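Notes to accompany the following structure.
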Amino acid sequence: MKILIIGGGNMGLTYARSFARTHVTSRLDLRLLARSPERVAALAVHEIGTVWGSPAECVPGANILILAVKPQDSPALFETLKSLVQPEQLVLSIMAGVRIATIKEALGTPKVIRAMPNLPAQIGMGMTAFTGTDEVTRAELVQVQNLLSTTGKTVYVEQESAIDASTAISGSGPAYVYYCMGALMDAAAQMGFSPAEAELLVSQTFRGAVELYSQSGLSCQDWIAKVASKGGTTEAALKAFGTGAVREGLMAGAGAARDRAEELGK
């Protein structure tokens with residue numbers, strides 16, 4: 001299985017490293033295509049595959065093409081690739097907001113899978129939703145899922161609209177977590193903790209809470225009930241949040257992110 005990753009940025013390099021680490025393909029069969037000579041040289045230093053600077057030399061021989069460029073660079077990329085891509089090649093796009101129909105039309109190819117990874121993919125803790133065209137076989141879907149799973153967990157969705165929803169939840173989600181963490185760090189600092197102490201208190205609390213949730217079969221409400229004893233400190237905090245105000249704010253934020261993802265796709 002010859003894989004060509006087009007784009008030598010953070011996500012392209014993340015996937016290249018994950019593929020090499022998990023041996024889903026050999027280094028001889030892993031290729032990277034970068035736009036500038038400088039980037040070609042920088043990627044070659046990592047020694048995780050063959051690095052190319054010319055599409056004509058590496059696109060035709062690949063089984064899977066992974067499009068890992070910025071969405072705004074996609075029109076120029078499509079113009080470069082459209083005469084090189086063959087119908088039997090599988091195209092996997094991780095470009096945010098670029099729809100399957102756009103890729104199919106621009107490249108003239110039927111087999112397209114669109115995936116939405118998130119930032120923790122860089123450390124193998126990512127969450128990726130993906131979907132594909134009817135022309136993609138079940139075996140090819142499994143093959144791509146194995147590739148995506150090298151960076152964390154995956155979920156297959158039937159409808160492309162669910163990719164926009166996953167963008168709002170798992171794609172943007174890390175920022176929501178950091179937003180909450182930042183607020184608690186600020187609160188800790190106001191209570192007299194040093195920045196280092198505040199960071200330790202908050203980061204370990206989040207890490208422990210998520211791990212505890214992951215290892216149990218309990219719901220979030222179950223865990224809240226375990227922490228919040230009647231008349232205690234946690235109950236006081238929850239009351240201060242307002243009757244669902246914080247929860248509704250987070251849900252509204254996720255809705256706004258989904259709406260924006262749909263707008264960008266148009």
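The values are calculated or read from the model by the stated rules, or taken from the named source; none is laboratory data. Here the structure is a predicted model, which means the values were calculated and not measured. As a convention, Cβ positions derive from the backbone with ideal geometry for all residues, glycine included, and neighbour counts pool all protein chains shown. Just so you know, the surface numbers come from the protein's heavy atoms only, side chains and all, with ligands and any DNA or RNA stripped out. Shrake-Rupley method; radii C 1.70, N 1.55, O 1.52, S 1.80 Å.
Output the residues belonging to region 94-106 that are in contact with a helix residue (DSSP H, G or I) (Cβ under 6 Å, 6 or more places away or on another chain) and not β-branched (Val, Ile, Thr).
95, 96, 97, 99, 106 - these are the residues of region 94-106 that are in contact with a helix residue (DSSP H, G or I) (Cβ under 6 Å, 6 or more places away or on another chain) and not β-branched (Val, Ile, Thr).
Just to be sure I understand, how many residues within region 70-107 are β-branched (Val, Ile, Thr), open to solvent by less than 30 Å² (accessible area, probe 1.4 Å) and out of contact with any Pro (no Cβ under 8 Å at 6 or more places or on another chain)?
Number satisfying all stated conditions: 4.
Take the residues in region 135-187 that are acidic (Asp, Glu) and touching a Ser or Thr at 6+ places or on another chain (Cβ under 8 Å), then tell me which one is surrounded by the fewest Cβ atoms within 10 Å (Cβ to Cβ).
158
Here is a yes/no grid of residues against (1) small (Gly, Ala, Ser); (2) closer than 16 Å to residue 12 by Cα; (3) at pLDDT 95 or above:
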{"position": "33", "(1), (2), (3)": "no, yes, no"}
{"position": "37", "(1), (2), (3)": "no, no, no"}
{"position": "41", "(1), (2), (3)": "yes, yes, no"}
{"position": "47", "(1), (2), (3)": "no, yes, no"}
{"position": "50", "(1), (2), (3)": "no, yes, no"}
{"position": "66", "(1), (2), (3)": "no, yes, yes"}
{"position": "69", "(1), (2), (3)": "no, yes, no"}
{"position": "73", "(1), (2), (3)": "no, yes, no"}
{"position": "92", "(1), (2), (3)": "no, yes, yes"}
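Tell me yes or no: at least one residue of region 48-66 is closer than 17 Å to residue 122 by Cα and either surrounded by fewer than 15 Cβ atoms within 10 Å (Cβ to Cβ) or free of Cβ contacts under 8 Å to residues at least 24 places away in the same chain (or both).
Looking for residues that are closer than 17 Å to residue 122 by Cα and either surrounded by fewer than 15 Cβ atoms within 10 Å (Cβ to Cβ) or free of Cβ contacts under 8 Å to residues at least 24 places away in the same chain (or both), one finds none in region 48-66, hence no.
Restricted to region 108-129, and to residues that are closer than 20 Å to residue 140 by Cβ and either among the β-branched types (Val, Ile, Thr) or open to solvent by 60 Å² or more (accessible area, probe 1.4 Å) (or both), which residue is farthest from the chain's Cα centre (by Cα)?
The selected residue is 109.
What do you reckon, is residue 121 assigned to a loop (DSSP other than H, G, I, E, B) and small (Gly, Ala, Ser)?
no
Say whether the condition of being of a type in the set (Lys, Arg), surrounded by 14 or more Cβ atoms within 10 Å (Cβ to Cβ) and either in contact with a Phe, Trp or Tyr (Cβ under 8 Å, 6 or more places away or on another chain) or within 25 Å of residue 120 (Cβ to Cβ) (or both) is met by at least one residue in region 243-252.
no
Is there any pair with a first residue in region 179-203 that is without any contact (Cβ under 8 Å) to a residue 24 or more places away in the chain and a second that is assigned to a loop (DSSP other than H, G, I, E, B) and surrounded by 14 or more Cβ atoms within 10 Å (Cβ to Cβ) whose Cβ atoms are under 8 Å apart and which are 6 or more apart or on different chains, and what are they?
Cβ pairs passing all conditions: 201/193.
Hey, among the residues in region 14-45 that are within 24 Å of residue 78 (Cα to Cα) and of a type in the set (S, T, N, Q), which one's least open to solvent (accessible area, probe 1.4 Å)?
14
Any residue that is within 23 Å of the chain's Cα centre (by Cα), closer than 17 Å to residue 149 by Cα and free of Cβ contacts under 8 Å to residues at least 24 places away in the same chain - is there at least one of those in region 21-31?
For region 21-31, residues within 23 Å of the chain's Cα centre (by Cα), closer than 17 Å to residue 149 by Cα and free of Cβ contacts under 8 Å to residues at least 24 places away in the same chain: present.
For residue 39, indicate whether it is free of Cβ contacts under 8 Å to residues at least 40 places away in the same chain, closer than 24 Å to residue 143 by Cβ and among the basic types (Lys, Arg).
Details: free of Cβ contacts under 8 Å to residues at least 40 places away in the same chain: yes; closer than 24 Å to residue 143 by Cβ: no; among the basic types (Lys, Arg): yes.
Answer is no for this residue.
Output the residue which, of all residues in region 190-237 that are among the aromatic types (Phe, Trp, Tyr) and open to solvent by 70 Å² or more (accessible area, probe 1.4 Å), is nearest to residue 125 (Cα to Cα). So that I can check it myself, show each step before the final result.
To start, the set of residues in region 190-237 that are among the aromatic types (Phe, Trp, Tyr) comprises 193, 206, 213, 223.
Now drop any that are not open to solvent by 70 Å² or more (accessible area, probe 1.4 Å), which leaves 193, 213.
Details: 193: 30, 213: 16 Å.
Applying the filter and picking the extreme gives 213.
Taking strands (runs of 3 or more DSSP E) that do not extend beyond region 1-93, which have at least 1 residues that are among the basic types (Lys, Arg)?
30-33
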